[in-house]
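Novice: Please see the structure below; I have some questions.
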Amino acid sequence: KRVAILISGGGSNMIRLVETMQAEGYAAPVLVASNDPTAAGLAKAAVKGVPTVAVDHRPFGKDRAAFEAELLQPLLAAEPDVLCLAGFMRVLTPGFVTRFSGRMLNIHPSLLPKYPGLHTHQRALDAGDAEAGCTVHEVTPVLDDGPILGQARVPVLPGDDADTLAARVLTMEHQLYPAVLRRFVAGDRTPVLL
Ligand code: GRF
């Protein structure tokens, strides 16, 4: 299976996916694409020998469809079977999402359905939650919705702030996403629960 990964920043989740695919051969990373040409993940992917492309979303302003039309060119040229969003920070239109219906994954740093959207860790802290975590789900036109393919839970500890909690969750993201992708490309939809 050919896997393309969309990033916006450091790409730590993308790197874990690439490393596990290259080490285990359960799929092949065929493209890493970013909406930000300065994304540090692009250089990390290139070091691993994965083709990369940056399509800057800023020149397109609010015209999401025009940005997506530009992004689709290298993306479709890579002929991916699966599309993974990994720290990708742009909302995608239903038109784009439905092109990859049933074969597009995202990782979100909360225990969905709690806290879709942004600032998930601060919201969990503000709510006094005893647990937090991350979710890998199939991407549907509704933001941070869609069938859950995996979740990982971490304790909220006394003295946590958003940064310490984010770091604890990110460590679990790096374990969860590869475990889910491995199953997903094998056709197994049993949720991974860590
Ligand atoms: C992290 O906050 C992670 O929780 C979310 O996207 C952000 C950046 O991740 N998935 P990455 O290091 O770019 O993969």
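Bear in mind that the values in this text are calculations on the coordinates, not laboratory data. All of these numbers come straight from a predicted model, not from anything done at the bench. Glycine gets a Cβ as well: all are built from the backbone with ideal geometry, and neighbour counts include every protein chain shown.
Novice: Compute the length gained on full extension between residue 38 and residue 161: take 0.36 nm times their separation in residues and subtract their Cα-Cα distance, giving the result in nm to one decimal.
Specialist: Going from the current span to full extension adds 41.5 nm.
Novice: Pairs of Cα atoms under 8 Å, at least six residues apart: use those to get the relative contact order of the chain, whole percent.
Specialist: Relative CO of the chain lands at 19 percent.
Novice: Please report the equivalent ellipsoid semi-axes of the chain, computed as sqrt(5 x eigenvalue) of the Cα gyration tensor, largest first, in whole Å.
Specialist: Ellipsoid semi-axes (Å, largest first): 26, 19, 16.
Novice: What FRET efficiency comes out for the pair residue 130/residue 190, r = Cβ-Cβ distance, R0 = 35 Å, nearest 0.05?
Specialist: So, using R0 = 35 Å, E works out to roughly 0.85.
Novice: Next question, about the same structure. Given the DSSP H assignment, sum -39500 (n - 2.57) over each helix run of at least 4 residues in the chain and divide by its residue total; what's the result at 222 nm in deg cm²/dmol, nearest 500?
Specialist: Taking each H run of at least 4 residues, the total per residue is -11500 deg cm²/dmol.
Novice: Further, regarding this structure: If I take R0 = 35 Å and measure r between the Cβ atoms of residue 81 and residue 142 in this structure, what FRET efficiency does the formula 1/(1 + (r/R0)^6) give, to the nearest 0.05?
Specialist: 0.90
Novice: Sticking with this structure for a sec: Multiplying the sequence separation of residue 175 and residue 28 by 0.36 nm and subtracting their Cα-Cα distance, what value in nm do you get?
Specialist: Working it through step by step, the gained length comes to 51.1 nm.
Novice: Only Lys, Arg, Asp and Glu count, each charged at its Cβ (+1, +1, -1, -1), so figure out the dipole size of the chain about its Cα centre, rounded to 20 debye.
Specialist: 400
Novice: Using amide H atoms built in the peptide plane, which far-off residues or other-chain residues are under 5 Å from residue 52 H to H?
Specialist: 32
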